[in-house]
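One structure is given below, encoded as structure tokens.
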Amino acid sequence: MMGLMASDETRTETRTEPPRETGAEAPAETRTHARVDDGVRETSGEAPATRAWTTWTTRLLVLGIVLAAVNLRPAITSLGALLEEVRDGLGMSGSIAGLLTSVPPLCFAVFGVTAPRLARRFGPGAVVCAGMAAITAGLLIRPYAGGTGGFLAATALALMGIAVSNVLMPVIVKRYFPDRVGSMTGLYSMALAFGTSIAAAATVPVTNALGGHWQSGLAVWAVLPALAVVPWIPFVRNREAPASTVPASTVPTPTAPAREQAPLRITRSRTAWALAVFFGLQATAAYITMGWMAQIFRDSGVSAGTAGLLLAVIMVMGVPLAFVIPRVATRLPHQGPIVAVLGVCGLAGYAGLYFAPVGGAWAWALLLGVSNCAFPLALTMVGMRARTGAGVAQLSAFAQSTGYLISIPGPLLVGVLYQHSGGWGLPIALMSALMVPQIVVGVLAGRDRTVEDEAAR
């Protein structure tokens, strides 16, 4: 896959005509790169750097994106698989456990909004690299921090790294792969789903293999983000997209940088608000699933190992679908039909979970796994609803930060309803009810328009 994308980069053809808006002549470096597969050699003095970028550097960037995406959820799903053991070990009530499952969206909302500013100052590569280091430190510290307060603080450190990386992934894709937004979004969404499902499935067996201590079962997941730091190191000081990855038609004119740097009045855009609410509702469903679904199956009579596998099935459905859905979405003028199909699958899965949680457990897991693929669809729409890299950065930060704020009460409310009702009927009813507005706002967010146009009105 990485080799294919690297080879695709070498076939990028830059144009020779001047930019349309000003009629000025294109810069020399944008006129001297011809297609490598035509056998035409570059005549610019920048040719060696361009060739270097289009081979090993591009592959390293793709590897870094994939490894970073793998680490964006194991901190959460590994905890969901061992939530009962953690609650017993730290003496948590159901309400406090609900608060713990609400920490991820809270951190994503608080820290995610800082990502564009940090990226402008230090570069997106440096911020993602630091994010992977923060995840590593948080996952190592939290099992041994001692007490609920220390556990929450170390979890917040890991989630801070996840938050900034969450926001910057669409930005990096838009900047370095502007003509492959769908395929690259699908690739890192697939890697994200893979990491999510692996943590859900393997945490209980790994914990048992390490002596049955939940501390070891959680700490072992610090290895993956430590590995993910490595490929981002060369990009720490690289703040600009190389010319070879940006089509010449998108090279900014002398007046374009001022326009692109001017912040959008993003709150004027109805599409931005619809996308933010859609993101928030799908995140609510996702974090309820990651935090509570294994416990729902366990309380229904399923063993801990099987419950972890069922959670893994929900997450692993995103591996193939997260690659397919963004590619399909970018080919449609309106993404509303995809939103509706995912929502109907979610409603069917919740209904089955209510009426026959054990008998049809595997079928409900499959349906809920399909429904959870609203996340890669939301990320794809972030890239499609803005024309410029700066617009994507601002929309990504707004949609994700606002969306995660919206999602904070959901997991907490599930914990409260579970503790006070003594069962899962009311929590499941809540999950089903939230799916209806998710479909509505998703259809609105899927309309073919851009936030730049709406914000300028």
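A few points about this structure:
- Computed magnitude of the charge dipole of the stretch 105-238 (debye, nearest 20; Cβ of K, R +1, Cβ of D, E -1): 460
- Along the axis of the charge dipole computed for the stretch 139-241 (Cβ charges of +1 for Lys and Arg, -1 for Asp and Glu, origin at the Cα centre), the listed residues Asn208, Ala153, Ser165 are led at the positive end by Ser165.
- Selected from Val66, Val181, Gly91, residue furthest toward positive end of dipole (the stretch 48-195; charges at beta carbon): Val181
- Cβ crowding within 10 Å averaged over residues, with 108-117, 379-388 ranked highest first: 379-388, 108-117
- Largest first and in whole Å, the equivalent-ellipsoid semi-axes of the stretch 388-457 read 34, 14, 7, each the square root of five times a Cα gyration tensor eigenvalue.
No lab work stands behind these numbers, since they all come straight from the coordinates. What you see is a predicted model; the values in this text were computed from it and never measured. Reconstructed Cβ throughout: ideal geometry from the backbone, glycine too, with neighbour counts over all protein chains shown.
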